[in-house]
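The values are calculated or read from the model by the stated rules, or taken from the named source; none is laboratory data. The structure displayed is predicted, hence computed values, not measured ones. Here Cβ is always computed from backbone atoms with ideal geometry, including for glycine, and neighbour counts include all displayed protein chains.
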Amino acid sequence: MTQTVNPVDSGLEPVMADPAPRRRWVGRLSLGHLVMILAGLLAFLLVLAVLRDNSATSFVAKAARDIPAGTTIGADDVELVEITGDALVGAVLTSDQINRVIIDGQVTSRALAVGTLLQPSDFGAAGVVTDIRSMSIPVSPARAVAGSLKPGDLVDVIASDQDGSWYVTTSAEVLAVAAEATGFSSGDYTVTVAVDPVIGLRLACAMANYSIDIARSTGAAAIGDAPIPEACQ
């Protein structure tokens with residue numbers, strides 16, 4: 001008859017069976033799984049960044065009414081509008097910047113239509129406006145030194161047609177430069193120059209009948225009188 005021996009009673013140490021080996025969870029992930037996890041994480045971070053950028057808002061200034069050139073700007077002349085994102089940041093005046101313009105008593109360097117987003121180039125220091133006549137020339141930036149002109153530059157205005165080119169005026173002072181925030185295209189860029197009565201009429205004739213180019217002539221030698229077409233004399 002077989003007798004069962006209790007290990008405790010016999011003084012023998014019980015022998016424990018080794019547990020079944022566990023597979024580490026990392027070992028179960030293939031390279032494809034890891035790639036999918038990383039791609040999902042990157043997509044999440046990208047969406048988070050886009051949402052954060054789009055949620056950023058700021059207040060910029062626009063004209064509350066039609067404002068003539070040479071107007072000392074006041075609080076009643078401007079309104080603040082909220083924009084989302086940073087596409088216009090630096091191109092238009094923020095609420096803090098327009099407050100500084102008002103405090104300094106700056107004046108408009110060009111006529112501003114109601115609703116126009118206000119830019120730094122739209123204003124000048126008080127006392128700058130004089131009895132000097134000025135005219136604005138709408139021109140493509142590609143035909144005006146790549147849109148790099150700035151107030152104080154001297155420029156030559158050149159008119160051209162199929163018969164040739166001629167100087168409308170030379171060494172004219174740039175009083176203001178303005179570019180719409182929507183981009184640089186023909187008509188969105190204007191250069192305002194000082195003129196006398198004769199040059200003003202000549203320039204108006206040239207803009208109506210010829211293609212216009214503007215050349216920076218700051219520091220360049222003066223140009224002598226050039227032939228002027230009879231139609232614009």
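For S121, only one of the following conditions fails: (1) part of a loop (DSSP other than H, G, I, E, B); (2) modelled with pLDDT under 85; (3) surrounded by fewer than 19 Cβ atoms within 10 Å (Cβ to Cβ). What is its number?
Going through (1) part of a loop (DSSP other than H, G, I, E, B); (2) modelled with pLDDT under 85; (3) surrounded by fewer than 19 Cβ atoms within 10 Å (Cβ to Cβ) one by one, S121 breaks only (1).
Which ones in the range 144-183 are closer than 24 Å to F123 by Cα, out of contact with any Ser or Thr (no Cβ under 9 Å at 6 or more places or on another chain) and of a type in the set (S, T, N, Q)?
The answer is S148, T182.
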